[in-house]
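Contents: one structure, followed by commentary.
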Amino acid sequence: MSGNDSVVSLRDVDVHFENRRGMLDLFGEPETVHAVDDITLDIPENDVVAVIGESGCGKTTLGKTALGLQRPTNGTVSFRGQDVWEARDGADDVDIPYDDIRRALQIIHQDPGSSLNPNQTVMATLLQPLKRWKPDLSRQEKEARILGMLQEVGMTPAEDYAYRFPHQLSGGEQQRTALVRALLMEPDLILADEAVSALDVSLRVEMMDLMLELQEQFDTSFLFISHNLSNARYLAGQADGRLAIMYLGEIVEIGPCEEVLADPHHPYTKVLKWATPDLEVKHGDIEDPPVRGVDIPDPTNPPSGCRFHTRCPEARDHCVRTSVPSIDVGEDRNVACFRADEDSEYWDTHPLPDETAGDTGGEETT
Amino acid sequence: MSPGKDVVLDVEGARVQFEMDRGVARVLDDVDLSVSREEIFGIVGESGSGKSMLAASMLDAVEDPGVLSGSITYYPSPDEPVDILELSAEELRQLRWEEIAMVFQGALDSFNPTLRIGQHFQETLSAHNVDRQSGMERARELLSDLYLEPEQVLASHPHELSGGMRQRALIALALLLEPEVLVMDEPTGALDLLMQRSILSLIKKLQRKYNLTIVFISHDLPLVANLADRIGVMYAFDLVEVGTAEDVVEGARHPYTRALLKAVPNLETPYAEMQPIAGRAPDPVSVPKGCSYAERCPLADDQCLDVHPPYDDLTDEHRVACYYPEEAPAAIPLPFEDQSVERPDDPPEAAGAAPGKEGSR
């Protein structure tokens with residue numbers, strides 16, 4: 001995967017937000033939220049990258065940054081070699097104008113209902129992007145293209161669906177409309193931020209099948225952001241894509257989807273996999289997750305060293321003191337855990353006692 | 001239901017209708033259901049299936065313009081029936097916290113943003129004339145049961161807590177007045193996997209510790225499978241299959257249940273075996289006269305289209321509203337199921353139902 005084939009490349013990207021906690025903190029030091037910390041990621045052409053993490057881990061910010069919707073506080077974001085923010089700011093030597101970049105990078109949101117204008121028909125909603133980006137097409141050509149796309153995504157009869165309002169569509173149909181709106185731009189990359197997990201279980205596979213089909217047909221890449229490992233597996237696994245596991249602003253493990261799931265290296269990846277419900281009946285107690293605390297630490301004050309050390313079942317003294325590098329563990333696979341390095345000092349230090357689990361770890365033996 | 005069962009909540013012919021411009025919408029269609037004391041009963045259904053309406057019906061909490069009919073009987077003890085639909089507003093208000101409590105999805109909306117969490121507990125206690133000191137003691141214990149730091153949480157405003165902490169605080173609040181029954185509607189829907197899993201494990205522990213009966217409603221079949229003792233599957237405003245968790249997950253006989261099991265993305269099933277359910281659920285204004293699933297069902301024939309199927313009691317526990325429960329396994333095979341199970345009179349296969357999961361965890 002060379003950087004040249006990448007649609008979007010992030011290099012050493014930080015996104016830090018300053019956050020004032022409320023009126024009383026008006027005169028205090030603002031807190032800094034490290035939403036994204038030092039992330040380097042290439043999204044190749046015609047590929048799927050699934051970013052998985054819990055809420056507050058920065059995955060949505062990462063997605064917006066990759067799309068040029070969020071300016072990084074450090075590092076660069078480039079589209080086919082063109083620095084996105086230089087293009088945006090109108091630098092002199094721009095190869096790809098910002099408008100082209102905006103068109104090439106599209107988004108579908110978690111809640112299709114609220115991303116569609118309730119007062120407009122499907123047709124009116126879908127005509128807008130074409131008016132802007134394809135002004136040369138006649139009205140008939142635009143409508144024909146829209147009807148064709150509706151048909152493509154299974155909303156048939158398209159002539160009927162085109163004149164419905166969002167409230168006359170099911171959740172799945174709304175989401176497909178949002179997908180069509182993105183696809184009409186002929187994008188190179190679509191950011192799908194929790195675009196599947198809000199759908200009913202029986203519709204998820206259908207929506208992802210559609211995304212896979214369209215990927216094949218239009219060579220569109222997907223940046224798929226979710227907290228749901230099962231959905232990520234279905235999409236990224238079938239597209240031979242990669243899985244990136246995010247924790248408190250950092251990518252802690254990344255690699256080919258199938259490999260990461262079959263043999264997760266990072267303790268956090270293992271926990272996520274463990275927590276994914278399967279179709280099995282459980283008797284007796286449900287075990288607690290194998291973490292030393294169920295709540296995520298405050299992102300304004302991330303733990304020292306390895307950020308997962310406050311919850312990690314494998315944490316040792318070394319993890320508290322030293323930040324973890326990303327360790328190469330095979331072709332296209334990286335993991336940020338000392339355990340991946342057999343020469344690490346980690347192995348010579350003491351395991352952390354359970355009390356360090358923080359404010360929510362106790363009371364397990366009621 | 002089978003006699004002799006210690007039933008705590010008995011729903012009979014529960015129906016909710018409301019008038020729309022297009023006609024009368026029936027969003028709950030003559031549901032019968034008995035919840036046994038101290039069990040965890042899971043209700044699974046997709047959006048619009050009527051599962052939340054069923055939950056609201058259990059507390060006579062259906063909102064206008066919905067009209068609930070049928071009968072809902074609560075048994076604080078076996079020979080002491082309380083007809084919930086006959087209670088006065090005041091009786092109902094007391095029943096709702098002290099006997100049957102509810103936790104809904106989206107804890108943020110359930111708390112008043114201007115009040116500290118502790119004030120919610122105190123107000124609930126005084127509204128029900130409960131001694132504040134012993135009540136707050138119980139509050140602290142419940143919060144600790146839920147892995148929360150009691151003093152810190154009680155002193156916080158709702159927005160100062162994470163979604164998972166808020167949801168746990170809400171569960172503690174629901175249990176404050178020692179209810180017998182806890183009805184939870186998508187209580188983990190907005191939470192991350194790890195938090196979901198933690199809350200499931202907590203719910204199970206609370207159920208044991210406080211001898212609770214829990215009705216747990218979710219669209220997430222794997223989640224319910226991991227938690228419930230018995231499961232009811234809703235489709236188009238009625239229960240189509242009810243049984244033990246094993247019956248429904250490992251020996252499902254309703255074509256819809258089986259299709260749903262096949263449609264759920266998970267980490268084990270081969271990709272090709274996961275398939276969406278074609279077609280769409282019926283409109284509440286025009287529910288088909290026959291089986292509501294017939295239009296999407298590979299087994300449907302004229303009878304299915306014409307006459308609503310009655311329940312077929314496969315065992316004491318396992319009932320299915322389908323004419324073809326014996327044919328369903330072969331017609332809709334499941335990847336994790338042994339295909340040698342078409343024996344009508346056998347109890348649904350329990351052992352060896354999940355081959356190919358060797359040592360998964």
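Using the Cβ atoms and a cut-off under 13 Å, what net charge is assigned to the surroundings of B:V233, where Lys and Arg are +1 and Asp and Glu are -1? Don't jump to the answer; show the numbers that get you there.
Numbers: positive: B:K51, B:R230, B:R253, B:R258, B:R319; negative: B:E46, B:D220, B:D238, B:E241, B:D247.
Here the charged neighbours net out to 0.
What GluC sites (Glu not before Pro) does segment B:59-94 have in DSSP loop regions with at most 16 other beta carbons within 10 Å? Walk me through the numbers before you get to the answer.
Working: sites: B:E63, B:E86, B:E90, B:E91; in loops: B:E63.
Qualifying residues, ordered by number: B:E63.
Remind me, relative contact order of chain A in percent, using alpha carbon pairs under 8 angstrom and six or more residues apart? Intermediate values should be presented prior to the final figure.
On the way: 653 pairs, mean separation 65.3, N = 366.
Computed value for chain A: 18 percent relative contact order.
Could you check the simple spin-label distance between A:D285 and B:E123, using points 7 Å along Cα→Cβ, in nm with one decimal?
3.6 nm
Provide the FRET efficiency to the nearest 0.05 for the A:E45-A:D328 pair, computing r from the beta carbons and using R0 = 25 Å.
Values: r = 23 Å, r/R0 = 0.94.
Efficiency for this residue pair is about 0.60.
Could the peptides B:79-85, A:299-305 be put in order, highest first, of the mean number of other beta-carbon atoms found within 10 Å of their residues? If you can, show how the numbers build up before the last one.
Working: B:79-85: 13.3, A:299-305: 16.4.
Most protected by this proxy first, the peptides run A:299-305, B:79-85.
From the residues A:G255, B:M20, A:P289, which one has its Cα farthest along the dipole of the protein assembly as shown in the positive direction, the dipole being from +1 and -1 charges on Cβ of Lys/Arg and Asp/Glu about the Cα centre?
So the residue furthest toward the plus end is B:M20.
Do the sum for chain B: with -39,500 (n - 2.57) for every DSSP H run of n ≥ 4, divided by all residues, what is the mean residue ellipticity at 222 nm, to the nearest 500 deg cm²/dmol? Display every interim value, and only then the final one.
Numbers: 13 runs with 113 residues, N = 361.
Computed mean residue ellipticity for chain B: -8500 deg cm²/dmol.
Grab chain B and count how many Lys pairs have their alpha-carbon atoms under 24 Å apart, sequence gap of 8 or more, or different chains. Intermediate values should be presented prior to the final figure.
On the way: B:K5/B:K51; B:K5/B:K204; B:K5/B:K205; B:K5/B:K209; B:K51/B:K204; B:K51/B:K262; B:K51/B:K289; B:K262/B:K357.
Going through chain B pair by pair, I get 8.
Per residue of segment B:51-60, in order, report the coupling 6.51 cos²θ - 1.76 cosθ + 1.60 (Karplus, θ = phi - 60°) as ³J(HN,Hα) in whole Hz, putting x for Gly and Pro.
5, 5, 5, 5, 4, 5, 4, 4, 10, 6
Report the charge-dipole magnitude of the protein assembly as shown in Debye, nearest 20, computed about the Cα centre from +1 at each Lys and Arg Cβ and -1 at each Asp and Glu Cβ. Don't skip to the answer; put the middle values down first.
Numbers: 62 positive and 130 negative charges, 323 e Å.
Result for the protein assembly as shown is approximately 1560 debye, rounded to the nearest 20.
Which residues in segment A:262-295 have a backbone N closer than 20 Å to a point placed 7 Å from the Cα of A:D343 along the Cα-to-Cβ line?
none
Could you work out, residue by residue across B:158-165, how many beta carbons of other chains sit within 10 Å of that residue's beta carbon, and then give the average as an integer? Walk me through the intermediate numbers first.
Working: counts 0, 1, 2, 1, 6, 2, 6, 3.
Mean shielding by partner chains, rounded to a whole number: 3.
Please give me the summed charge of the neighbours of A:Q238: other residues whose Cβ is under 11 Å from its Cβ, Lys and Arg +1, Asp and Glu -1. Intermediate results must be reported in sequence, preceding the final value.
Numbers: positive: A:R233; negative: A:D209, A:E213, A:E216, A:D240, A:E258.
For residues surrounding A:Q238, the net value is -4.
Please compute the average number of Cβ atoms from other chains found within 10 Å of each residue's Cβ in peptide A:287-295.
Numbers: counts 3, 7, 7, 0, 2, 0, 2, 13, 10.
Shielding by partners across A:287-295 averages 5.
How many nm is it between the label spots at B:N211 and A:L69, if each spot is 7 Å from the Cα in line with the beta carbon?
5.3 nm
Pick out, from B:H254, B:A272, B:G290, the residue whose Cα sits farthest towards the positive end of the charge dipole of segment B:251-331, with +1 on the Cβ of Lys and Arg and -1 on the Cβ of Asp and Glu.
Of the listed residues, the answer is B:A272.
Can you tally the net charge around A:D99? Count Lys and Arg as +1, Asp and Glu as -1, for every other residue whose Cβ sits under 11 Å from the Cβ of A:D99.
Details: positive: A:R88, A:R102, A:R103, A:R132; negative: A:D100.
Once positives and negatives cancel, what remains is +3.
Just so you know, all these numbers are worked out from the coordinates, no wet-lab data involved. Everything numeric in this text was worked out from a predicted model, so none of it was measured. Positions of Cβ are generated from backbone atoms using ideal geometry, with glycine treated the same way; all protein chains shown enter the neighbour counts.
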